[in-house]
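A.B. asks: I have a structure here, written as structure tokens, and I will follow up with some questions on it.
The values are calculated or read from the model by the stated rules, or taken from the named source; none is laboratory data. Computed from a predicted structure; not experimentally measured. Using ideal geometry, Cβ is built from the backbone for each residue, glycine included, and neighbour counts are taken over all protein chains shown.
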There are 2 protein chains.
Amino acid sequence: MSPRNAFYAQSGGVTAVINASAAGVIETARQHKTKIGRVIAGRNGIIGALTEDLIDTSKESAAAIAALKETPSGAFGSCRYKLKGLEESRAEYERLIEVFRAHNIGYFFYNGGNDSADTCLKVSQIAEKMNYPLQAIHVPKTVDNDLILTDNCPGFGSVAKYVATSMREAAFDVASMAKTSTKVFVMEVMGRHAGWITAAVGLAEDAATPIPLVLLFPEVVFNEEKFLRAVKNKIDTFGYCCVGVSEGLKNAEGQLMGEAGTRDAFGHAQLGGIGPKIAQIIREKLGYKYHWAVADYLQRAARHLASKTDLEQAFAVGKFAVRFALEGKNAMMPAIIRTSDRPYRWKIEAAPLAKVANREKMLPKNFITKDGYGITQHARAYLSPLIKGEAPPPFKDGVPRYVRLKNTPVAKKLAEGFAQK
Amino acid sequence: MSPRNAFYAQSGGVTAVINASAAGVIETARQHKTKIGRVIAGRNGIIGALTEDLIDTSKESAAAIAALKETPSGAFGSCRYKLKGLEESRAEYERLIEVFRAHNIGYFFYNGGNDSADTCLKVSQIAEKMNYPLQAIHVPKTVDNDLILTDNCPGFGSVAKYVATSMREAAFDVASMAKTSTKVFVMEVMGRHAGWITAAVGLAEDAATPIPLVLLFPEVVFNEEKFLRAVKNKIDTFGYCCVGVSEGLKNAEGQLMGEAGTRDAFGHAQLGGIGPKIAQIIREKLGYKYHWAVADYLQRAARHLASKTDLEQAFAVGKFAVRFALEGKNAMMPAIIRTSDRPYRWKIEAAPLAKVANREKMLPKNFITKDGYGITQHARAYLSPLIKGEAPPPFKDGVPRYVRLKNTPVAKKLAEGFAQK
């Protein structure tokens, strides 16, 4: 009997290193050909499974799969498509199993954040109900770092390194211009609910390189008067000020201050624009000349500045996902366990999805300074190892050389298509 | 008789490599101690000279000066302060000579763009009128690449590399999300009048890596209907579209579309915000989900991604400025002369400032494709060598380690201060 195939899909916002997890899954599966047949990927995530739009990764060379470790974005396509409860979305879950059955899928690897951890768990449940043998393993990924049970989340370390580096560079720029020109620089960063990325901006400064930073966390209600005092204090002392603001900053009424008015497929508000708003407030009330930046996708796609630690962990969670499957585990997630801060040491353990799904890991209170505008030593001890190490991609003609896979389709086996809702 | 000192100052917006020019000046001057005494820097640019706020660079170690090559921003401070005509600003020019005389300055190295080339020329003229022996050499610097007589301008190549890399990375991100989410990504780039940086965004794609790009140059009047057609075409063909837009984009009436309403010290409009405006137009008229980024200072401060070619040229113009001075040259600028495209070869020659000042080098017409939205092979042949090579700075704890100089003041010698106008 030929071994059963594996299904792999990428879900939600992509990162600089999610493809390293894909490489971890595929390379490890290829090492166990007697137990795992082909790795079949969903084109554009779980939608590829629902519509039987599948990719045969066995058609890719070893070099192409290895190059995934150097390539940002989702090589097979990702999607924002959330399956709801088992009853509400029953037809979709059953369709997944039907497609898996048609393609002899015995392993389900789902690479995403909180929403997809939940989906992964439900897929394992419906398979059990339908007496379809399937091992469902979630591969953690999110720049937001808000998955519980894992010390940190692959994707986050590289964004953290990007925002810390970018703010340090911009601060040097502003410091040299502040005498006659720009005195305030505002950088907006991602992180919808939890201030992990905002906290990482704090790594722009350290003892050897003091920078007058004011951070606006989504966890700290915006108080305009107090904030303006903090900015003015920095300018009076240092001559300039750098502000890192979360896209998720909220006012006293709990409203998102950067709300753009549109919503994504998950019903989340589409954000963007709090950076210029904060800059404008400073200009109007304090009169300083400002500049602002919104890096947006640049921060999560910046493979050229990926954290080596992050890259290694992204690969490891992919690798361990396959190992766990081979060990017979189901409804689990490879979690990163920190065993030491200094020197930083970590290992991978299996965490049950039942405990992961639909919960968010918020920034601990003791990570934020008492005034609400900075990070503490606790935060530094946690964050600092995650951005360490450089792992630049190969460059050709001055720009990074990233791989594009062939993404050869798997022939369809089911007569009927599936209409997405 | 002790040798006469040199004065060095940084002017206007700083870059990722202007400090490499400073290192070129200082290291070369240190090699000729019998002819050049100390290099005295102006704190915050020319304002430092006017107010006799001077820095003694001889107090810096060789290691610190070498580290300038790895550090973005202006290490001595820069300023946006334009001296006007010789008659209009006569008191200021005379004050400069008074300060130079007090500190035995025989060499004036002014590191900046078009405005400072003009100032440098006038300083050499006033010195001659006042019978003060002075050699004034302009050291070219501007991310805008709009100085004439030089093939390109130090500072530009690194911004070009940054925008090309960032757009490539964002394009990979959007490509993987486009099926169910973001279909349009808009990135706003610097370049007030000339579209050099906008053109560099075009290097994000090449034959091996096609990307559906639409570029909005400041040279091409914005035509909304035609632009929306171009975007829709790209999305119909590729499933997504990436737009690179210049901060200097103008409408049919010649107005800046991103005008923020404020002006800098030179009377230039402060820009920023055309990126989100273009994204909004696409959303309203075509209905696509969008994301936008405004990198702002991040693009010109990104020493972590500097072009090695740019870095070498920035150092070379500093080095040759001193050599030219030692050869007795005056009112000159080291210009980069391209002697070959493939392989790329360049040399430094002296260009007379009288021909440089107050003129701008615009993007040649044959660099822009007929439809107005892309770059031609002429543009690629010119731009491509300028972004080549990587020269990452040292990293410590995950972030680049940049030097901060001691910036020891020179004791004042003049009784009277100088009130800036």
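A.B. asks: Would you point out which residue out of B:Leu405, B:Leu414 is buried (at least 20 other Cβ atoms within 10 Å of the Cβ), outside the structural domain of B:Ile55 (by TED's automatic domain parsing) and in contact with an Asp or Glu (Cβ under 7 Å, 6 or more places away or on another chain)?
C.D. replies: So the residue among B:Leu405, B:Leu414 that is buried (at least 20 other Cβ atoms within 10 Å of the Cβ), outside the structural domain of B:Ile55 (by TED's automatic domain parsing) and in contact with an Asp or Glu (Cβ under 7 Å, 6 or more places away or on another chain) is B:Leu405.
A.B. asks: If we keep just the residues of segment B:51-85 that are over 30 Å from B:Arg101 (Cβ atoms) and of a type outside the set (Val, Ile, Thr), which is farthest from the other protein chains (Cβ to nearest Cβ)?
C.D. replies: Per the stated criteria, the residue is B:Ala66.
A.B. asks: Out of all the residues in segment B:371-399, which are more than 8 Å from chain A (Cβ to nearest Cβ), over 21 Å from the mean Cα position of the chain (by Cα) and of a type in the set (Phe, Trp, Tyr)?
C.D. replies: Result: B:Tyr373, single match.
A.B. asks: Here's another thing I want to ask about it. Where in segment A:1-67 are there strands (runs of 3 or more DSSP E), lying wholly inside it, with at least 3 residues that are within 26 Å of A:Tyr297 (Cβ to Cβ)?
C.D. replies: A:5-10
A.B. asks: Residue by residue through segment B:364-399, note down the ones that are assigned to a loop (DSSP other than H, G, I, E, B), without any contact (Cβ under 8 Å) to a residue 40 or more places away in the chain and farther than 24 Å from B:Leu311 by Cβ.
C.D. replies: Across segment B:364-399, the qualifying residues are B:Pro364, B:Thr369, B:Lys370, B:Thr376.
A.B. asks: Can you tell me how many residues within segment A:206-235 are within 14 Å of chain B (Cβ to nearest Cβ) and over 30 Å from A:Glu360 (Cβ atoms)?
C.D. replies: 5
A.B. asks: Test of understanding: among A:Thr71, A:Thr34, A:Thr57, which residue is within 17 Å of A:Lys141 (Cα to Cα), in contact (Cβ under 8 Å) with a residue 12 or more places away in the chain and of a type in the set (Val, Ile, Thr)?
C.D. replies: That would be A:Thr71, the only listed residue that is within 17 Å of A:Lys141 (Cα to Cα), in contact (Cβ under 8 Å) with a residue 12 or more places away in the chain and of a type in the set (Val, Ile, Thr).
A.B. asks: From the list A:Gly254, A:Gly258, pick out the single residue that is within 14 Å of another protein chain (Cβ to nearest Cβ), out of contact with any Ser or Thr (no Cβ under 6 Å at 6 or more places or on another chain) and assigned to a loop (DSSP other than H, G, I, E, B).
C.D. replies: Step by step, each of A:Gly254, A:Gly258 is checked, and only A:Gly258 is within 14 Å of another protein chain (Cβ to nearest Cβ), out of contact with any Ser or Thr (no Cβ under 6 Å at 6 or more places or on another chain) and assigned to a loop (DSSP other than H, G, I, E, B).
A.B. asks: Determine whether A:Phe367 is closer than 30 Å to B:Tyr382 by Cβ and either buried (at least 16 other Cβ atoms within 10 Å of the Cβ) or modelled with pLDDT under 95 (or both).
C.D. replies: No.
A.B. asks: I would also like to ask the following. Given (1) basic (Lys, Arg); (2) within 12 Å of A:Ile137 (Cα to Cα); (3) assigned to a helix (DSSP H, G or I), where does A:Lys329 come up short, assuming only one miss?
C.D. replies: (3)
A.B. asks: Please find, within segment B:273-290, the residue that is nearest to the other protein chains (Cβ to nearest Cβ) out of those that are buried (at least 24 other Cβ atoms within 10 Å of the Cβ) and in contact with a Ser or Thr (Cβ under 8 Å, 6 or more places away or on another chain).
C.D. replies: B:Tyr290
A.B. asks: From A:Asp296, A:Asp310, A:Asp341, which residue is among the acidic types (Asp, Glu), buried (at least 24 other Cβ atoms within 10 Å of the Cβ), more than 9 Å from chain B (Cβ to nearest Cβ) and touching a residue at least 24 places away in the same chain (Cβ under 8 Å)?
C.D. replies: A:Asp310
A.B. asks: Return the residues of segment A:21-49 that are within 14 Å of chain B (Cβ to nearest Cβ) and buried (at least 24 other Cβ atoms within 10 Å of the Cβ); say none if nothing qualifies.
C.D. replies: If the condition is that a residue be within 14 Å of chain B (Cβ to nearest Cβ) and buried (at least 24 other Cβ atoms within 10 Å of the Cβ), then A:Ser21, A:Ala22, A:Ala41, A:Gly42, A:Asn44, A:Gly45, A:Ile46, A:Gly48, A:Ala49 are the ones that fit.
A.B. asks: Separate question: Given the structure, is B:Phe315 hydrophobic (A, V, I, L, M, F, W, C), surrounded by fewer than 24 Cβ atoms within 10 Å (Cβ to Cβ) and in a helix (DSSP H, G or I)?
C.D. replies: Against the criterion (hydrophobic (A, V, I, L, M, F, W, C), surrounded by fewer than 24 Cβ atoms within 10 Å (Cβ to Cβ) and in a helix (DSSP H, G or I)), B:Phe315 qualifies.
A.B. asks: Any residue in segment A:400-417 that is more than 14 Å from chain B (Cβ to nearest Cβ) sitting within a Cβ distance under 7 Å of a residue that is crowded, with 16+ Cβ neighbours inside 10 Å and polar (S, T, N, Q)? List the pairs, counting only those 6 or more apart or interchain.
C.D. replies: A:Gly417/A:Thr51
A.B. asks: Is it the case that B:Phe100 is touching a residue at least 40 places away in the same chain (Cβ under 8 Å), among the aromatic types (Phe, Trp, Tyr), touching a strand residue (DSSP E or B) at 6+ places or on another chain (Cβ under 6 Å) and at negative phi?
C.D. replies: Considered against the rule, which asks whether it is touching a residue at least 40 places away in the same chain (Cβ under 8 Å), among the aromatic types (Phe, Trp, Tyr), touching a strand residue (DSSP E or B) at 6+ places or on another chain (Cβ under 6 Å) and at negative phi, B:Phe100 comes out as no.
A.B. asks: For segment A:109-159, enumerate the residues that are over 30 Å from A:Ser246 (Cα atoms) and of a type outside the set (A, V, I, L, M, F, W, C).
C.D. replies: Hits for segment A:109-159 are A:Lys122, A:Ser124, A:Gln125, A:Glu128, A:Lys129, A:Asn131, A:Tyr132, A:Pro133, A:Gln135.
A.B. asks: Checking the conditions here, which among B:Val123, B:Val159 is closer than 20 Å to B:Val25 by Cβ and of a type in the set (Val, Ile, Thr)?
C.D. replies: B:Val123 is the lone residue from the list that is closer than 20 Å to B:Val25 by Cβ and of a type in the set (Val, Ile, Thr).
A.B. asks: Kindly indicate whether A:Leu298 is assigned by TED's automatic domain parsing to the domain that holds A:Lys250, under 30 Å from B:Thr180 (Cβ atoms) and modelled with pLDDT of 95 or more.
C.D. replies: Spelling it out, A:Leu298 is indeed assigned by TED's automatic domain parsing to the domain that holds A:Lys250, under 30 Å from B:Thr180 (Cβ atoms) and modelled with pLDDT of 95 or more.
A.B. asks: Could you run through segment A:347-363 and say how many residues are over 19 Å from the mean Cα position of the chain (by Cα) and either modelled with pLDDT of 95 or more or not basic (Lys, Arg) (or both)?
C.D. replies: Number satisfying all stated conditions: 5.
A.B. asks: Also, I was wondering about something else. Among the residues of segment B:241-251, how many are part of a loop (DSSP other than H, G, I, E, B) and touching a strand residue (DSSP E or B) at 6+ places or on another chain (Cβ under 7 Å)?
C.D. replies: 3
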